[in-house]
Every structure is written in C-alpha cells, then in structure tokens.
Amino acid sequence: MIYTIEDLLIKNKNYSDVRGKISRDLRDGKIIQIRRGLYETDKNTSGHYLASYIYGPSYLSFDYALAKYGLIPEGVFKTYTSATFKKNKKKRYSNYFGDYLYRDVPESVYMFGVKAVLENGYTYHIATPEKALCDKLYTLKPVKNLSELKNLIFNDLRVDETLFRKLDLEFITKISSKYKSTNLKLLEKLIKGGDF
C-alpha cells in the first residue's frame with residue numbers, strides 16, 4: 001500500500017516521536033521510500049504499479065508497454081518507461097522497485113489510447129499497443145522515407161510483423177497526425193499504402 005508522509009504522520013500520531021518511528025520503519029524495511037515523501041509498505045509490490053504515483057500525470061508506454069504486449073522481443077526488467085506532457089525534460093527515478101524513466105509526448109495526443117487498469121488494489125495507466133508504438137516512434141530520430149521506417153520498425157525495434165498487422169491501424173491513422181512528427185506521418189502513409 002502506498003503512503004504519503006502525511007499519511008504516515010497521521011497513522012503514527014500516537015507515538016511520542018512520530019518521525020523517529022517512521023525512520024525506524026524505513027530502517028527495518030517495514031516501509032520503503034519510493035521517492036521523497038512517498039512510501040510503499042510491501043516490498044513484493046510490482047514496480048509498474050508505482051510508476052504513475054512517482055511522477056505524473058503519466059502512463060506506462062514506450063519500451064515497457066511494447067515489451068508487455070509482446071510487440072518487441074526484449075524483456076524490460078525493472079525498468080518502467082512512462083509518458084508525460086508539458087514537463088519539457090526527461091526525468092529519472094531509481095528506487096528499490098526499479099528504474100523509472102519519464103519523457104514527454106505532445107499534449108494533443110496524451111489522453112488518446114490510454115487505459116486505467118485496477119489490479120491487486122493498485123490503479124495504473126498504460127498505453128494501448130498502438131499508442132505505445134506511436135509514442136516510441138515519436139521519440140526516435142526522424143527517418144527519411146518508408147523504406148527507412150520499415151527498417152526502423154521491423155529491424156531496429158524488432159516489432160513482430162504478425163502482431164503489427166493485428167494492431168488497430170485505423171486508430172493509429174487517426175492519432176498519427178496529432179504528433180506532428182515525420183516518423184508518425186510516414187507510419188500513416190505506410191498503413192494507408194498497406195505495404196508491410
């Protein structure tokens with residue numbers, strides 16, 4: 001369970017030295033600091049549950065989501081990549097539960113293709129497979145043409161071609177122009193041309 005420092009102060013209000021009690025609980029592993037002022041009580045909590053609490057608003061996307069959906073072969077062990085907006089900088093946090101990386105996507109696409117998941121008492125937000133792919137392509141160096149885009153998607157990122165064909169391609173074409181990105185404009189063209 002996640003607690004703020006304020007929650008812990010209230011929870012331990014009957015102790016004469018409340019902050020001392022919190023320090024002892026930290027030392028003894030009864031609570032684990034996630035970031036300054038935020039704590040988790042269960043050391044076995046999966047790190048993806050904590051990502052949106054650490055820095056937000058945010059949702060899991062990019063490599064983490066692509067791997068979770070099986071679109072890319074690499075497993076992303078204890079690294080949680082999330083999308084934010086209007087932060088204008090990359091942010092990184094590391095704690096007992098893993099490494100958390102945050103980077104911007106355009107505000108105009110932020111709310112599209114994100115779902116809230118309630119699991120084991122935690123609510124977290126994650127991009128759909130289509131949105132995670134669009135977010136990832138947005139962050140990469142622009143390619144020049146469709147051939148380079150196909151190489152980027154299927155060789156460099158190693159996106160599974162069979163799973164790519166099963167994506168909601170109509171959704172991708174609807175949001176791709178909102179990114180104002182060369183890679184996404186080319187992706188829309190690739191999908192409309194059906195040449196993959």
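We did not get these values from a lab; they are worked out from the coordinates using the rules stated. All of these numbers come straight from a predicted model, not from anything done at the bench. Positions of Cβ are backbone-derived with ideal geometry, glycine not excepted, and every protein chain shown enters the neighbour counts.
Tabulated values for the structure
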{"item": "Value of D in µm² per second that Stokes-Einstein yields for the range 131-193, Kirkwood Rh from Cα pairs, at 10 °C (1.306 mPa s)", "result": "138 µm²/s"}
{"item": "Sum of -39500 (n - 2.57) over DSSP H runs of 4+, divided by residues of the chain (222 nm, nearest 500)", "result": "-9500 deg cm²/dmol"}
{"item": "Paramagnetic reach from residue 4 (point 7 Å along Cα→Cβ, amide N under 15 Å) across the range 49-67", "result": "53-57"}
{"item": "For the chain, the spread of Cα positions along each principal axis, largest first, Å", "result": "70, 29, 26"}
{"item": "Highest-MSF residue in the chain out of 159, 109, 117 [GNM, Cα springs under 10 Å]", "result": "117"}
{"item": "Normalised alpha carbon radius of gyration of the range 45-147 [divisor 2.2 N^0.38 Å]", "result": "1.04"}
{"item": "Computed E for residue 26/residue 88 - FRET, C-beta separation, R0 30 angstrom, nearest 0.05", "result": "0.40"}
{"item": "Alpha-carbon centroid distance for the pair the range 87-124 / the range 130-166, whole angstrom", "result": "21 Å"}
{"item": "DSSP-loop trypsin sites (Lys or Arg not before Pro) across the range 44-152, with at most 15 other Cβ within 10 angstrom", "result": "78, 86, 87, 89, 90, 144"}
{"item": "Of 86/180; 87/131; 166/189; 30/68, those spanning more than 24 Å from alpha-carbon to alpha-carbon", "result": "30/68"}
{"item": "Net length gained if the chain between residue 146 and residue 18 were fully extended (0.36 nm per residue, minus Cα distance)", "result": "39.9 nm"}
